[in-house]
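Below is one structure, written out as structure tokens; the observations come after it.
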Amino acid sequence: MTPTNSLSLEPARVTTLRISPDEHLRESALREQFARFWATTPGEPRAVYDTFIGATPLAADTSLRAVNTATVNGWWVIPTDALPGQIMLYLHGGGYVQGSARAYRGFVSQIAQRTRTAALVIDYPLAPESTFIQATDAALAAWHWLIDQGYTRIAMVGDSAGGGLALATLATLSKSAGAIAPLAGVVFSPWVDLTFSGASMTDPNVNDPLIGYAYLQQCARQYLAGADPADPRASPLLAALDSLPPLLIQAGSDERLLDDSRQFAARASQAGTQVELEIWEGLHHVFQLDLAHLHSSATALDRAASFLCRAFDAA
């Protein structure tokens, strides 16, 4: 993979990672597999989605423990060699209408193992039963619960809608008066703009095999429930981004949310946040999940883990 630089941000902060011809073939075969899965898998949409996400294997030497409190529900994902005193809070994807902490345990374990860091992956209220207000409140409650458990070195990680929720939560926390600030954020293909200003949303040259523009519009309507899509709790692209912790954003070049990543990285960088954006050539939405099929998935997670480890080591 040969890194090249983008012109939209400072060159050192944006990297395009090119994949090999063999990896392109694996990506093409995987897209065919996606099409068969979504066309033939029976069941209720949320259950089908969880089956899709749950295919990411659990990392070796990892334990799981359910969390059920008055304010937090989810799972602990703990490597056997986890370093003490540091933790990740993970917010899952699913367009704000599906996804669960249980389904994401395997994927989160892959990050936890690479960083030797325990993780808490939470369930937050989904639309249409709930809105962005309840989702944001749940993420903030989990953050404060971790502090109540004695953690002071906390990073936040999320994918897709969960990536957007993570960034919205970080933006809210950056304006609070709390003494404990997030150390870092890592987001995979985050959805940060429910006003749909990004050109990639309707670009005919984008062939996203997993999410479409109409689907995202439907999810946004349910999540907003009539509220202003420019509310920064729903669209963190429009939040004040001047006090965020160091961020790593990874996205595929062939996905509807590509410009969400580009625009957020540009705005955060202009606001003074240390942000690194990686664009992976020819890859799809949250390709990091596909460890059994793509070499790039493991490489991307290795890079994300290195970023997180540097943040924890610097604390």
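The values are calculated or read from the model by the stated rules, or taken from the named source; none is laboratory data. Predicted, not measured: the structure shown is a model, and the values here were computed from it. Glycine gets a Cβ as well: all are built from the backbone with ideal geometry, and neighbour counts include every protein chain shown. Keep in mind that these areas ignore ligands, DNA and RNA; they rest on the heavy atoms of the full protein, side chains included. Shrake-Rupley method; radii C 1.70, N 1.55, O 1.52, S 1.80 Å.
Listed here are the residues, each with its yes/no results for (1) open to solvent by less than 10 Å² (accessible area, probe 1.4 Å); (2) free of Cβ contacts under 8 Å to residues at least 40 places away in the same chain.
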{"site": "Ala55", "(1), (2)": "no, no"}
{"site": "Leu58", "(1), (2)": "no, no"}
{"site": "Thr62", "(1), (2)": "no, no"}
{"site": "Ala66", "(1), (2)": "no, yes"}
{"site": "Thr80", "(1), (2)": "no, yes"}
{"site": "Gly94", "(1), (2)": "yes, no"}
{"site": "Gln98", "(1), (2)": "no, no"}
{"site": "Tyr104", "(1), (2)": "yes, no"}
Q. Is there a residue in the range 168-177 that is under 19 Å from Ser243 (Cα atoms), among the basic types (Lys, Arg) and assigned to a strand (DSSP E or B)?
A. no
Arg221 vs (1) outside any helix (DSSP H, G or I); (2) open to solvent by 40 Å² or more (accessible area, probe 1.4 Å); (3) of a type outside the set (Ser, Thr, Tyr): all pass except (1)
The residue from Val206, Val192, Val186 that alone is among the β-branched types (Val, Ile, Thr), in contact with a helix residue (DSSP H, G or I) (Cβ under 7 Å, 6 or more places away or on another chain) and outside any loop (DSSP other than H, G, I, E, B) is Val186
Of the candidates Ser235, Ser306, the one satisfying the condition of being within 17 Å of the chain's Cα centre (by Cα) and open to solvent by less than 10 Å² (accessible area, probe 1.4 Å) is Ser235
Does Leu277 fit the bill of being part of a loop (DSSP other than H, G, I, E, B) and surrounded by 23 or more Cβ atoms within 10 Å (Cβ to Cβ)?
-> no
(request) Consider Ala127 carefully, then state whether it is farther than 22 Å from Ile249 by Cα, open to solvent by less than 10 Å² (accessible area, probe 1.4 Å) and in contact (Cβ under 8 Å) with a residue 12 or more places away in the chain. (result) yes
By residue number, the members of the range 284-303 that are in contact with an Asp or Glu (Cβ under 9 Å, 6 or more places away or on another chain), of a type in the set (A, V, I, L, M) and within 18 Å of Gly158 (Cα to Cα) are Val286, Leu289, Ala300
Inset, instruction - Check the range 153-167 and report whether any residue there is open to solvent by 30 Å² or more (accessible area, probe 1.4 Å) and without any contact (Cβ under 8 Å) to a residue 60 or more places away in the chain. - result: no
